[in-house]
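The values are calculated or read from the model by the stated rules, or taken from the named source; none is laboratory data. Bear in mind that the values here come from a model prediction, so they are computed numbers and not experimental data. Cβ placement follows ideal geometry from the backbone for every residue including glycine, while neighbour counts extend to all protein chains displayed.
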Amino acid sequence: MDKVIHLISDLHLTQSRADLFGLFKHYMLKIAPKSNQLFVLGDLFEVWIGDDCLLEKNPATQLYHEVISLFENYTKQHGELFFMHGNRDFLLSEKFAKSTGGQLISEPFLINLLENKVALMHGDILCTDDVAYQEFRSMVRNPSWQQEFLSYPIEKRVEIAAELREQSKQAQTEKTNEIMDVNQDSVTDFFKQNDIDWLIHGHTHRQATHKLIVNNKNVKRIVLSDWDSKGFYLAIDNQSCSEHYFSI
């Protein structure tokens, strides 16, 4: 029997988008069970303000518990589950992972697929032309900043997260598409430094497969799609790698 791996990213699940949760529920109940391993490469949620929000049993956190329940069903009945931090849910921690039966993995995560050495990433660290974003990323990934943020009451964290998101949206309107995409030199350097054949990542919302030549070797950069009107997953078995969009 073939081993089947699914990779998804950039779902941006949020209480205000019932349609996205509907896609996710359909995927977890009807499609994900066909896999043996599921990798979530960041931005599962639009925002995550700390694992302690799981203690708040109220309408504002209902989505989180429903998502966890679907993941838990997968890990108990179907396969292994892995999470990677994105730029929206970088505060996901062990409590969340444990509650799903999954585990957090670091970036980059190296794995062998179809006789290729493959690196899995969220992808934002490769967007080096966006200097302002990289400065922001360094700030929020700093353990001291995270410790201070997590010390605030949940209501305060919600306010700060909303302010940061609004600032991000405003900043994006002033940036070109090229600045917000990966930097090609950074991609090439990453391939060289890690001696990989494939790179799979999300973040940019620009689904495509890019064929490159690095050190006289043919390599691939596979970009996952974000979820919106349709969901998306990359499926890899013992014979092939295929891209799949789906709707309900």
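Where helices (runs of 4 or more DSSP H) fall entirely within segment 143-248, those with at least 1 residues that are of a type in the set (S, T, N, Q) and either farther than 20 Å from Ala132 by Cβ or at pLDDT 90 or above (or both) are at 143-151, 184-194.
From the list Ile111, Ile125, Ile105, the lone residue that is within 23 Å of Asp195 (Cα to Cα), without any contact (Cβ under 8 Å) to a residue 12 or more places away in the chain and surrounded by 15 or more Cβ atoms within 10 Å (Cβ to Cβ) is Ile111. Restricting attention to segment 163-191, the residues that are surrounded by 13 or more Cβ atoms within 10 Å (Cβ to Cβ) and among the charged types (D, E, K, R) total 4.
For Tyr133, the conditions (1) assigned to a helix (DSSP H, G or I); (2) surrounded by 13 or more Cβ atoms within 10 Å (Cβ to Cβ); (3) out of contact with any Ser or Thr (no Cβ under 9 Å at 6 or more places or on another chain) all hold with the exception of (3). In segment 13-36, how many are out of contact with any Leu (no Cβ under 7 Å at 6 or more places or on another chain), buried (at least 16 other Cβ atoms within 10 Å of the Cβ) and closer than 21 Å to Asp89 by Cα? Qualifying residue count for the region: 3. Among the residues of segment 16-66, those identified as β-branched (Val, Ile, Thr) and over 18 Å from Tyr245 (Cα atoms) are Val47, Ile49, Thr61. Of all residues being farther than 12 Å from Met28 by Cα and of a type in the set (D, E, K, R) in segment 61-86, which is nearest to the chain's Cα centre (by Cα)? Just the residue, please. Per the stated criteria, the residue is Glu80.
Evaluate the following for Asn142: is it at positive phi and without any contact (Cβ under 8 Å) to a residue 24 or more places away in the chain? So Asn142 does not fit the description; no. More than 22 Å from Ala32 (Cα to Cα) and out of contact with any helix residue (DSSP H, G or I) (no Cβ under 9 Å at 6 or more places or on another chain), is that true of Lys217? The answer is no for Lys217.
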